[in-house]
Every structure is written in structure tokens, then in C-alpha cells.
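Note sheet for the following structure.
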Ligand SMILES: Nc1nc2c(ncn2[C@@H]2O[C@H](COP(=O)(O)OP(=O)(O)OP(=O)(O)O)[C@@H](O)[C@H]2O)c(=O)[nH]1
Ligand SMILES: [Mg+2]
């Protein structure tokens, strides 16, 4: 019997390091050289197949630019199962920023969160400012996954998401409620507002 | 910052966040700022540290209450009425994807020293001690009349004109006792005082229908509530705004609202810099509320007293409900306005396990507000800790049409968000120049 697990994945990192580009590559296998800062890219999902029996569905939260002035809402971290913290290998300041985000996650997010540190723009390695040794050493110290990627060429992108999927604890299917996802039928203990929308406007029987 | 915006929004309360989200979706360039380092303004939900910082700056939270992060204590006690306008906005903007809701487990009303459940099914109604046998029959006729009413079918009107006759006339036609009127007007139509009785019946009819259709929606009570507290609501609309390009800046002191010679809005000064925009929207606290001096842009309309109480047990007499509303109609305690109790607990992820958070509130009538809520407090049983807040309710003095300054209203004493949505619609109309129409959202099929 095949099983699908659903997890909430959040992206963090300084503006322009390529968070949205990584998502776009992973979800749609596209890249855009002149991307504007995240607009309208609400809420994407992508599924990773681990084996015949197991698929992992990521519900991906991009920052929507709210990180720019340190104004991310607590809702963003809430129930996140994994985080990809991105820096730009050609900007050493962006690794500093990544460290700040990782501290923030360790403070705010669930202690069991899986964190991957990701050095993006690997295609620009000629202009590298952050060495692999430095980043890897830091990741090891903090117990993070680490890799380098290029959203432009696609190098390492699927791999990092697959590696995260493999690291997540596959306990109960869909039991890990991923922050407000519309999980499958019965997965929710709460009420579904969308369902009622269909019946809105119809006369209701009085219950009195 | 040399950028110029269409709209600057000040304060991240629910009203401002809904407006910000809808304006961004509409394509406006929005800058949204808040002086606090958290979202929600007056309608925030606070963790313990934030709660103590606000009410008892010199004290730290007792360890006995558990982990800070488990708490999201609402400052304004409201629930979402299931069939109301806020629900429509939540669904249409699709922010429901960020939220999860649960029912409020019960709705109760205080009568002759006792709490009784507001019946949610016919079975409960038949057994309810709220009415005698004959009164139940009369009430049944009354509700059948309301349910059967069709504007264009005079045979359903039974000689009543909802737009001309007062509610008093309707009550008298069905011969309902004063106690039943109290129950209908306060526990179902959710009026805070008795002024409605002498007014035309239509709004009361609308409110009863809203209540009964909301009750029918999920079954236990007419209310739903977002997990992690009401503060999730402004956050989810802020995210909507950000996704459509809105820029967010928290923790920003607003030093001045800059106007030109004619008093028209120019920009907002923060940290020595002035950001320009065509229009500004903000909550009353950004426009001189609570301070004197400067231009008077808001006036106080009254005060609400709210007591946030931590309990270590469910409220007695509520069948151990994990959440509830209790209404104490004004007549029962010789007041002009009802006292409300709103209670939530760890079921809604707003506090540690075995803690219950009850907020007792009413509109202030005397100079001793805390005494006014005593009848509510006395229903709670032993209170572990209590934070009392007396909040003035502000309303803007001008429409903003002349100066491009649009001010929202304070959160009133009603038990749900319908007046908040009215304010959103009202401000929208003045800012944009046309009615707020919720475009039908595209149905997204997730693969
Ligand atoms: N050469 C190269 N450019 C990239 C890569 N990834 C992203 N970019 C470019 O970097 C710029 C910023 O990328 P975004 O994906 O918008 O960055 P972001 O982190 O989402 O930025 P914010 O939404 O502002 O926080 C864009 O011009 C991208 O085209 C990459 O791997 N290589
Ligand atoms: Mg982006």
C-alpha cells in the first residue's frame, strides 16, 4: 500500500539569494533571470517520490518578502517540519544572514525541525566569496544538512529536496499537520470553511 | 526610502490587515507598518512574555503556567460567527489555507442565577429549562414565522411588516414572555442592550437568521475559532498582502503624519525619514487617540472593560466545555449592557494543557468598571490570575475624503467580527471610491 506524507517546508534567507528561484526550479523546473521579488507566488506544492510505496508532499512557504524588514509573522514558522535556509555563495554577508535565520529557527520553530543550509548560485562559482569548507564546518557544528545549488542550471536542486524528504521522520501518514494545508479527507480535526461555501445562500433549517 | 506608495497602512490589527490584503490584491502598492514588534495591534494574541510586558512590566510570568510559546492570549474576546461576513472574506481571499478552525463548543445564557445552554438542536430545545411548555409552543411559532418569511410572498408575513413594525409588535403578536424576549434579543440576535425592541424589526430578523444558520452550520455553537488564537487572522491577511507585493515593517515608531498646507496627507515620518503615499489608513492609536494636543482626528465613544482570566478548570455549569460563550443579559443583573464571557483553552492551542482562558467584558457604565463585571467573574470559579484592561473605543471624526487620512474604528464589545467587516467595507468604499466586491476566486485544484 502506498503512502503519502505531507510536510510544511519554509524558505529563509536574505533578499535576492534565490529562494523563489529555487522553488520555481523545484516545482516547475523553470528559471527566470529577471525575476522580481516574490509577488503572487503564494503557496506551492511539490511531491517527491522516495520509493514505490512512499511519496512526500512538500507544502512550500516562501517568505513573500516579509523577511526584508524583519517582519516575518510567527505563523510562518508555525508547524514547519523543515526549513531551507539559503545564502548566495558570491555574497559573504548572506551567510551571516543565514546564521541569524538559523538561530531564529532554533529559538522559534519546533525543536524537531529539519534544517538545510543551501549555498545558491553555484553557476557563479568564479565569483565565490563563501568557501565550501567554511559553510560545511558551520553546518556540521549546528547539525544542519548542507549543500550547494544553482537555481539557474538546476544543479543540486532536486537533490536537496529529496535529501530532506529522506531525513524527515515518516511516522504517521499526514499526521504531521502541515500548517493549514488542506490535507486529505479526515486528516483535519477542525472545520472546513471551504466546504460550507458551497452551501452558503441556501436556506437553513432552524434548529430551535 | 525614496519609493512612493499608493497606500500606507498603520497598525496591523485585523481591520487594517484585511484592508491591506485586499488593496494589494487589487494592485495597489502598499507599505504596512506597526510600532509593535508583533502583528495584530489591539487585536493581537500575545504569548506570556508579551502579556506580562503589557500588563505587568516589572513581573515575569510564573513558571507554573508552562511554556511561553504555548500561549496566544487574545486581547479582544471575539469569535467568528460561522455564516457571517468574515467567513466569506476568509474563503474568498483563500487565506483559509493558512488557518485551521475549530468549533466553539457551546453557547450559554445566564438566567435567574443559573447558566443554561442555548439550544442547538430541536431535542435540546424541547428539554431546555429556559422556557415552559406553552412558551415553547409560542416560540416555535415565532421561529417558524421567521424561517418561513419570504419578502415577496405576503402569505408568509402574517400581517407583519418587518420594515415598518417594531420588534415589540412582533414579540407581542406571538405573545412571547419577557424572559424569552431577553433570550432571543440577547443570546440569539446578540444585542448588547434593549434599544432594538422599539426599533424596526428587520435588523433583528437578520441577526436571528444569521445566528440560526451559523448554528446549523457545524452543530455545537454558532461560532468557530482559529487554532493558535485570533492573532492568526491579521497575520494571514498580512501574508496575503505581502504575497501581492505589500511591504511589511514592524517595530517602527511613527513620529509624525505629514500633511500639506491644506491639511492633505503627504506621508509618514519614521526614524527621521518621511515616506510618501497618496493615502493613509490606520487605527486610532496612530492618529492621536489617547493623547491631547495636535489635531483631533478621533473621538472617544465609550469604554469597554475586559478581564483576561486564567483558570485551571472549565467554567462550572458548562458541561466541562473546552470553549464557550456565556451571555449575561443586562436585565438579569440590572444593567444597560450585557456582560459577555468568552472562554478558550488548549484545544485551540492558545494556552498550556489544563489552563482555560476566559475573558469577561462589558461596556463601561460607571466609574468602577471592574465592579461591573463582577457577576461574570463570579461564574468562573477560582481565578488563577487576572489582567484587567479598560479600553476606550475611538471613532474617526472625518471621512478622509478631504485629507486622504482614513481611520478605522476600535474593536467594540460585540461577540463576533461582523462590525469589523462593516468597518472594512466602509473604509474600502472611502479609500477606493467603490463598493467592496469580493471577486469570485478561482478554484484551485491541488495535485
Ligand atoms: N546566476 C544565478 N542567478 C540566480 C540564481 N538563483 C536566483 N538568481 C537570480 O537572483 C535574483 C534573485 O532571485 P530570487 O529568487 O527572486 O531571490 P529571493 O531570495 O526570492 O528574493 P526575495 O523574494 O526578494 O527575498 C534573480 O534575478 C534571479 O534570477 C542562481 O542559481 N544563479
Ligand atoms: Mg522571493
Query raised in the report: Taking neighbour counts of Cβ atoms within 10 Å as a proxy for exposure, in what order, fewest first, do B:171, B:71, B:39 appear?
Result: B:171, B:71, B:39
Query raised in the report: Which percent, to the nearest 5, of DSSP beta bridges fully inside the protein assembly as shown are antiparallel?
Result: 55 percent
Query raised in the report: Can you give the relative contact order of chain B as a percent, counting alpha carbon pairs under 8 Å and 6+ residues apart?
Result: 24 percent
**Report entry** Peptide B:73-86 - average C-beta neighbours from other chains (10 Å radius)
**Finding:** 1
Requested in this report: Compute the Cα gyration tensor for the range B:188-264, then decide on rounded, prolate or oblate, letting a ≥ b ≥ c be the square roots of its eigenvalues: rounded whenever a/c is under 1.5, prolate when a/b is larger than b/c in the other cases, and oblate in all that remain.
Outcome: oblate
Query - Estimated FRET transfer efficiency when R0 is 51 angstrom, pair residue B:300-residue A:99 (beta carbons, to 0.05) - result: 0.60
Query raised in the report: If you count the DSSP beta bridges with both ends in chain B, what percent of them are antiparallel, to the nearest 5?
Result: 70 percent
Report task. Label the range B:121-218 by shape, choosing from rounded, prolate and oblate, from the square roots a ≥ b ≥ c of the eigenvalues of the Cα gyration tensor; if a/c is under 1.5 it is rounded, and otherwise prolate applies when a/b is larger than b/c, oblate when it is not. Result -> rounded
Query raised in the report: Relative to the longest principal axis of chain B, what angle (0 to 90°, nearest 10) does the C-alpha long axis of helix B:232-243 take?
Result: 40 degrees
Requested in this report: Would you calculate a helix-derived [θ] at 222 nm for chain B, using -39,500 (n - 2.57) for each DSSP H run of n ≥ 4 and dividing by the full residue count, to the nearest 500?
Outcome: -7500 deg cm²/dmol
Query raised in the report: In peptide B:244-250, what is the residue-averaged number of other protein chain Cβ atoms found within 10 Å of each Cβ?
Result: 6
Report summary line: Between the alpha carbon centres of the range B:351-420 and the range A:62-92 the gap in Å comes to 35 Å
Query raised in the report: What's the angle, to the nearest 10 degrees (0 to 90), between helix B:133-148's Cα axis and the longest principal axis of chain B?
Result: 50 degrees
Query - For the range B:1-126: rounded, prolate or oblate by the Cα gyration tensor [a/c cutoff 1.5] - result: oblate
**Report entry** Ranked by how many other beta carbons lie within 10 Å on average, peptides B:179-186, A:110-117 from highest
**Finding:** B:179-186, A:110-117
Query raised in the report: When the chain is fully extended, how far beyond the present Cα-Cα distance does residue B:374 get from residue B:35, taking 0.36 nm per residue of separation?
Result: 118.6 nm
Report task. Using a Förster distance of 30 angstrom, determine the FRET efficiency expected from the C-beta separation of residue B:336 and residue B:262, and round it to 0.05. Result -> 0.10
Query raised in the report: Say each of residue A:159 and residue B:88 gets a label point 7 Å from the Cα, pointing the same way as Cα to Cβ; how far apart are those two points in nm?
Result: 5.3 nm
Query raised in the report: Hey, could you pull the Cα Rg and Dmax for the protein assembly as shown, both in Å?
Result: 26.5, 89
Query - Partner chain coverage, peptide B:391-404 - average Cβ within 10 angstrom - result: 0
Query - Alpha-carbon centroid distance for the pair the range B:40-72 / the range B:161-220, whole angstrom - result: 39 Å
Report task. Normalising by the residue count of the range B:180-311, find the relative contact order in percent from Cα pairs under 8 Å and 6+ residues apart. Result -> 9 percent
Report summary line: Ordering B:423-430, A:63-70, B:235-242 by per-residue average of other C-beta atoms within 10 angstrom, highest first, gives B:235-242, A:63-70, B:423-430
Report task. Arrange the peptides B:113-122, A:99-108 so that the one whose residues have, on average, the most other Cβ atoms within 10 Å appears first. Result -> B:113-122, A:99-108
Report summary line: Here the gain from full extension of residue A:50 to residue A:140, 0.36 nm per residue of separation minus their alpha-carbon distance, amounts to 29.9 nm
Query raised in the report: Most exposed first by the Cβ proxy, i.e. fewest other Cβ within 10 Å, how do A:82, B:324 rank?
Result: A:82, B:324
Report summary line: quick note, the range A:27-166, DSSP beta bridge pairs, % antiparallel (nearest 5) is 40 percent
Query raised in the report: Would you list B:383, B:407 from fewest to most Cβ contacts within 10 Å?
Result: B:383, B:407
**Report entry** Relative pair counts by distance (%), Cα atoms of chain B, 20 Å bins
**Finding:** 24, 55, 21, 1
Query raised in the report: Want the number for residue B:312 to residue B:429: 0.36 nm per residue separation, take away the alpha-carbon distance, what's left?
Result: 37.6 nm
**Report entry** Using alpha-carbon coordinates, inclination of helix B:14-25 to the longest axis of chain B, degrees
**Finding:** 60 degrees
Report summary line: Rounded to 0.05, the calculated FRET efficiency for the beta carbons of residue B:137 and residue A:126 at R₀ = 60 Å is 0.10
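No lab work stands behind these numbers, since they all come straight from the coordinates. In this text the structure is predicted, and so the values were computed from the model without any measurement. Methodologically, a virtual Cβ is constructed for each residue, glycine included, from the backbone with ideal geometry; neighbour enumeration extends over all protein chains shown.
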